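K.L.:
First the structure, then my questions, so here it is.
Where a number appears in this text, it was derived from the coordinates with a stated rule and is not lab data. Since the model is a prediction, treat every value here as computed from it, not as a measurement. Quick reminder, even Gly has a Cβ in these numbers, built from the backbone with ideal geometry, and neighbours come from all protein chains shown.
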2 protein chains.
Amino acid sequence: MDLLARLAAIVGEKSVLAEPDEISAYTQEPRGLFFGRALAVVKPSNVAEVSRVLALCNESGTGVVPQGGNTGLVGGQTPDSSGGQIILSLRKLDHIREVDPVSDTMTVEAGVTLARAQNAAEDKDRYFPLSLASEGSCTIGGNLATNAGGVHVVAYGSARDMTLGVEAVLADGRILSGLTKLRKDNTGYDLTRLIIGSEGTLGVITAATLKLFARPRARTTFFLGLETPAAALELLNLLKASMGGALQAFELLPRIGVDFVLRHLKSARDPLSQAFPWYALVELASQHDDGLTEAALQLAARASADGVVGEAAFAASLAQRADFWRLRESMSEVQKHEGGSIKHDVSVAVKDVPEFIEEASRLVVARIPGARPVPFGHMGDGNIHFNVSQPVGADKSAFLARWREVNDIVHAVVAKFEGSISAEHGVGKLKRDLLIEVKDPVALEMMRAIKSSLDPKGILNPGKLL
Amino acid sequence: MDLLARLAAIVGEKSVLAEPDEISAYTQEPRGLFFGRALAVVKPSNVAEVSRVLALCNESGTGVVPQGGNTGLVGGQTPDSSGGQIILSLRKLDHIREVDPVSDTMTVEAGVTLARAQNAAEDKDRYFPLSLASEGSCTIGGNLATNAGGVHVVAYGSARDMTLGVEAVLADGRILSGLTKLRKDNTGYDLTRLIIGSEGTLGVITAATLKLFARPRARTTFFLGLETPAAALELLNLLKASMGGALQAFELLPRIGVDFVLRHLKSARDPLSQAFPWYALVELASQHDDGLTEAALQLAARASADGVVGEAAFAASLAQRADFWRLRESMSEVQKHEGGSIKHDVSVAVKDVPEFIEEASRLVVARIPGARPVPFGHMGDGNIHFNVSQPVGADKSAFLARWREVNDIVHAVVAKFEGSISAEHGVGKLKRDLLIEVKDPVALEMMRAIKSSLDPKGILNPGKLL
C-alpha cells in the first residue's frame, strides 16, 4: 500500500487531498510570498489520528508541515518545493473542550480560530487577551506554535505566557498529555513552553489549556499627538507608574503611517485637530466601572501641561474607538499603495526604542535617499515593525531588490541594541539563514541537540527555524 | 595534579573547601532532613570560573551539586552519600549588574539573595514581586533553578514568569548567553524557561534578567472569617471579578492553624472578635493612592451581606498588616510544637480546592483517627500545603513512620483532581521516585531525552529530579 493509501486508511479518504486545485490553498499562503509543493494535505479529526499519521510519516521518513489558519508571515506553514512533504492541517480539530470560569481556564483544540476562542471566553463572562490582526482566521495551534504576540503583550505577555499546558504529538506519534489547569506545578522541565514557539519542529500541538482573565468592565482608549518617540516613552512610563495594571495596549504610530492610512482608506479620519510627528494609541481597562476615564484624562492633562503630550483625543463611543484602532490596524496593509515596502519585525529593550528608531531611520535614508521609514507598533513591549516604503516615484522592483541590503542596515542597529530580529512573527523559512548569523552559538547548539533528541529523523517541519 | 588542586588552580585555594568542619554547613540543609558527603565545596567568583570548573568536572566525570542559599525543602541542593560529588556554591556571584527602571528590568547574579534583589528594585522605585518565607537567605539562582512560587503567584506567576533571560553554564562548560531585556523575542526554543525549574540538572544559572513592575502606591490587607473553603472560593471570584488587577495575594488558613499560631507564638493575636472555621488573608495593591481600601471595604460589606464572609478586619497600620501576615508566615513553623507533622506541597485547579481539602481531610482522618489536617496556603493559585499534625498525645515517631502512607492517601486525591504532587518546592531527592509514578510517561521520556542531549555524562545534580 502506498503512503497516500495508508494515510487515507487513518483519516479517511476525504481527508487526504492530493489534487493540485484542492491543495493550492494550503501550499501557498494568502500573500503568495511563500509557497511550495506537497504530496498531500492530510486532515485528521482528533489527536489519535494525528498520532497515527505522524508515526507513519516517521516510519517512512516523510516530512510533515503542520498548518492551522495559514496566516503566518514567515513561511513556517508552507512546504518546500520537493513535493515530497505532507501538509498536516489541524483545522478539523476544532472543539472547545471546556471553559472553566471558576479556575479561569479554557481548553481548546488546535484548529479553533483565535476569534472563536475569544468568544468562548466571553460567553462565560471571561477574557482571553490574545489579539492580533488575523484573529478571524488564525488558529490557536498556530498561535502557540509561533508564540503569537499582538497588541496586549504589554499587559498579558505573549501566547506562551497565556498557556498553562499543551497536548502535543511527537515526531514518532507519542502523545504528550500536558493539558493542565494548574497554576503551579514544579514537577520537571517546562515542556509546554518548550513546544510553544518551536514552530512545529518539536511536536504538533493538538490542544491547549489557556489562562482566562476577569473581563474588563470599563475600557478607555485615547489617541495622543507627540513630538518624538522619546515623548512616547515618557508617556508610557507615566502610565505604568500611575495606572500600571490598567494599561492594556501602547502602540506607537508615525505621522507618515497615519498619512498613508488617511490617504488610502476612505473611512479613516484624523482624530486630532492638527498634525503631530508621532502618535500613541493607548488603551486602559479596569474591573471597576468608574473612575478610569477620569484618571486617564487627568493624567493626559498633566502630561500635556508638562509638554509630554501635544493633544489628546478620547474615544467617546465604540465607533470612535474602532476609528482609532483602524488607524493602527490598517497601517501595515496600506503601505502597499505607496509602492514597495521592506519589512522588519524587531524588538529592543523598551528604553532603547527611541534611539533605535532614530538611528535605523537615519542610516536607511542615508543609504537610500528618499526612502520613507514607517516605524510603528507595540512600543509598550519594545516591538517595532520597522517598515521602509520606497522613495516617491522610484522603481518598485529596483527598491525591493535592495531588501537584504536594508535588512542588514536595520538588523545591525538591532544587534547594537541587543535586540531581536524576530520579535513576534517567528523565524520560519524567511529568517532561518539570518538566525545562524545573529543567535548565540551555544543557544543554536542547544536547540539542535534538543531537536535531534526529540525528532531524530527530522520529519517535523523540515527547513524551518533550524 | 589531582582534582582538588586543579579546582584550586581555577578558583583559588581559599575557594575550595574540603575540611569537614568547613563544609558541614553545605553538605546538609538547616533542618537536617537532607544531607550527604562531598569531595569539596567550590566557590567560583564569576561565570568564567564556573565554566572552567564544569569543563573540568565533565572531563573527570565528577558530579556537581549547585547550591545557592541552601534553603530548598526537597534536598535538591545537597550531595549524595558517596563523597565523590562537589558542591558548587554560587554565593560569590553576588553582583547586581544593572537595574533599568525604564525598561523595567534588573540583571542580577545567581548568588544575590532574594531580599537584596527586592531592595535593589525598590531603590529605583520599582517592584520585584517574588516573595517567600526564606527571602532573606535564599538566592536568585536557587529561586530560578526551582521555579520558586511564594505568595504573589496569583498576581505575577512564578519565578519562571518573572524572568526574561538567563546566563547559564552547561555541563561541558559552554556558556549560554541568554540575558536579555526583550519582552518579545521569537527566535527559537525557549531555553530560558527550560533551564528555569530544571533544578540544576540541565545547566548552572549564573545570572538572570528579571522583570520589574511599577511599585504599588497603595496597599490594603484584610483578614476575613469564613465558614468553608467554598466560601473562600466565592470570595476569591468576587475579588477577581471586581478588583482583578489589584489582587496580590489570597491565602487560605484553617482555624486549627490559627489556633496553633496563637498558642505557640507569643506575639500573635486573633484579628477577629470570634472564631471561624476558615480564614482568608487577602492583599490588594494599586498604583492609585486613593479608593482602594474603600472599594475593598464595600466588597467585603457586600460579601458579608450575602453571607459569604462572616467577619472582616482591615489592617489600619503597617504593624497590623505585619500581624496578619505573621499568622500566615508562622503557620508552617509552629506545627512542630504540636508533635509530628506530615507535609504535602500540592496543587489542584482553583475550582477544585474546596473539594480536594474536604476529601483529603476525610480520608486521612478515617485512616488515622485523631489526625489533624492543617491545609493552608496559596488558594489564589490552587497551591495548598496540606500538612497533617499527629493526634494529640500520640507517639510522634509512630505517627511519622506513617509518612508514606499518608502521602499515598493525599496524593491519590491529588491525582483524582489531576493536580500536582509538587506545586512549588520542586522534586529534588524527596519526590524523585514518586515522580516516576505520577508523571505522564511521555513527559518523563522527553525530559530524559533532553537531559541526555545536554548533559550526556550526567554530571549535573545527579540523582535529583530524574
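K.L.:
Taking 24 Å as the cut-off for C-alpha to C-alpha distance, list the pairs among A:240/B:351; A:181/B:240; A:184/B:351 that go past it.
P.N.:
In this structure, A:240/B:351 lie more than 24 Å apart at Cα.
K.L.:
Further question on the same structure: Within the P(r) computed for segment B:73-141, what percentage of the Cα pairs occupies the region above 16 Å?
P.N.:
54
K.L.:
List the aspartates and glutamates whose Cα lies under 13 Å from the Cα of residue B:14, skipping any in the same chain that are fewer than 8 positions away.
P.N.:
The qualifying aspartates and glutamates are B:22.
K.L.:
Of B:92/B:431; A:343/A:429; B:43/B:92; A:266/A:396, which pairs sit farther than 18 Å apart, going by alpha carbon to alpha carbon?
P.N.:
B:92/B:431; A:266/A:396
K.L.:
Taking just the C-alpha trace of segment B:81-183, give me its Rg and Dmax in Å.
P.N.:
Gyration radius and largest Cα-Cα distance of segment B:81-183: 14.4, 49 Å.
K.L.:
Could you state the angle between the C-alpha long axis of helix B:318-329 and the longest principal axis of the C-alpha atoms of chain B, as a value from 0 to 90 degrees rounded to the nearest 10?
P.N.:
Around 70 degrees separate the two axes.
K.L.:
I need the phi-derived Karplus couplings for segment A:183-198: 6.51 cos²θ - 1.76 cosθ + 1.60, θ = phi - 60°, integer Hz, Gly and Pro marked x.
P.N.:
Each residue's phi maps through the Karplus curve to give 7, 9, 7, 9, 10, x, 5, 7, 5, 4, 6, 5, 6, 5, x, 8 Hz.
K.L.:
Then there is this: Over 20 Å intervals from 0, what percent of Cα-Cα pairs in the protein assembly as shown sits in each interval?
P.N.:
14, 45, 35, 6, 0
K.L.:
OK, next. Using the basic label-point model (7 angstrom from Cα toward the beta carbon), what is the residue A:46 to residue B:367 distance in nanometres?
P.N.:
A separation of 3.5 nm, rounded to one decimal place.
K.L.:
Would you pull out the residues with amide H under 5 Å of residue B:248's amide H, same chain only if 5 or more places away, H placed 1.01 Å from N?
P.N.:
Excluding prolines and chain starts, which carry no amide H, the hits are B:283, B:284, B:285.
K.L.:
I've got another one for you. Using a label point 7 angstrom from Cα along Cα-to-C-beta, what distances in nm, from shortest up, separate residue A:259 from the other copies?
P.N.:
Once sorted, the set of distances for residue A:259 reads 7.7 nm.
K.L.:
What ranking do A:243, B:446 get, fewest neighbouring Cβ atoms within 10 angstrom at the top?
P.N.:
A:243, B:446
K.L.:
Further question on the same structure: Given a Förster distance of 25 angstrom, what is the FRET efficiency for residue A:305 paired with residue A:265, based on the Cβ-Cβ distance and rounded to 0.05?
P.N.:
0.15
K.L.:
Distance between the C-alpha centers of segment B:371-392 and segment A:443-466? Whole Å please.
P.N.:
44
K.L.:
Let me ask you something else. If I model segment A:334-466 as equal point scatterers sitting on the Cα atoms and use the Debye formula, what is log10 I(q)/I(0) at q = 0.15 Å⁻¹?
P.N.:
With no solvent term, the Cα-only Debye profile gives -0.76.
K.L.:
Sticking with this structure for a sec: Taking a spot 7 Å from the Cα of residue B:317 along the direction of its beta carbon, which residues of segment B:229-266 have an amide N less than 19 Å from it?
P.N.:
Inside the label zone: B:266.
K.L.:
Same structure, new question: Looking only at Cα atoms, what is the convex hull volume of segment B:410-466 per residue, in Å³?
P.N.:
85
K.L.:
Right, another one. List A:219, A:31, A:367 from most exposed to least, where exposure is judged by having the fewest other Cβ atoms within 10 Å.
P.N.:
A:31, A:367, A:219
K.L.:
Further question: Restricting the calculation to Cα positions, tell me the Rg (one decimal) and the Dmax (whole number) of segment A:43-84 in Å.
P.N.:
Every Cα atom of segment A:43-84 included, Rg and Dmax give 11.7, 31 Å.
K.L.:
Over chain B, what relative contact order in percent results from Cα pairs under 8 Å that are six or more residues apart?
P.N.:
15
K.L.:
Along its principal axes, what span do the Cα atoms of segment B:1-100 show, with the longest given first and each in whole Å?
P.N.:
Projected onto the principal axes, the Cα atoms of segment B:1-100 cover 43, 36, 23 Å.
K.L.:
Sort all Cα-Cα distances of chain B into consecutive 20 angstrom bins from zero, then give the percent of pairs in each bin up to the one containing the longest distance.
P.N.:
Taking every Cα pair in chain B, the percentages come to 24, 54, 22, 1.
K.L.:
Still on this structure, please answer the following. If each residue of separation counts as 0.36 nm, what is the full-extension length gain between residue A:24 and residue A:336 once their alpha-carbon separation is subtracted?
P.N.:
Gain on stretching residue A:24 to residue A:336: 109.9 nm.
K.L.:
Note down the nm distance, to one decimal, between modelled labels 7 Å out along Cα→Cβ at residue A:297 and at residue B:392.
P.N.:
6.2
K.L.:
Which residues' amide hydrogens lie under 5 Å from the amide hydrogen of residue B:98, considering only partners 5 or more residues apart or on another chain, with H built in the peptide plane?
P.N.:
B:107
K.L.:
Sorted from shortest, what are the nm distances separating the label point of residue A:273 from equivalent points in the other copies, each placed 7 Å from Cα along Cα to C-beta?
P.N.:
For residue A:273, the inter-copy label distances come out at 5.8 nm.
K.L.:
Would you mind ranking B:455, B:395 so that the residue whose beta carbon has the fewest other beta carbons within 10 Å leads the list?
P.N.:
Fewest-to-most Cβ neighbours within 10 Å comes out as B:395, B:455.
K.L.:
Would you please report the Å³ per residue occupied by the convex hull of the alpha carbon atoms in segment A:133-203?
P.N.:
Convex hull of Cα atoms, per residue: 102 Å³.
K.L.:
Using Cα centres only, tell me the gap between segment B:232-260 and segment B:286-357 in whole Å.
P.N.:
5
K.L.:
For segment B:20-167, I need the span (max minus min coordinate) of the C-alpha atoms along each principal axis, in Å, sorted largest to smallest.
P.N.:
47, 33, 24
K.L.:
I've got another one for you. Given points 7 Å out from each Cα along the Cα-Cβ axis, report the residue B:444 to residue A:437 separation in nanometres with one decimal.
P.N.:
For the pair residue B:444/residue A:437, the computed spacing is 4.7 nm.
K.L.:
Sort out for me the Cα centre separation of segment A:77-125 from segment B:67-92, rounded to whole Å.
P.N.:
Taking the Cα centre of segment B:67-92 as reference, the centre of segment A:77-125 is 44 Å away.
K.L.:
Let me ask something else about it. For residue B:137, which inter-copy label distances result when the label point lies 7 Å beyond Cα on the Cα-to-Cβ vector, reported in nm to one decimal and in ascending order?
P.N.:
6.0
K.L.:
How large is the convex hull of the Cα atoms of segment B:170-285 per residue, expressed in Å³ as a whole number?
P.N.:
Here the figure is 213 Å³ per residue.
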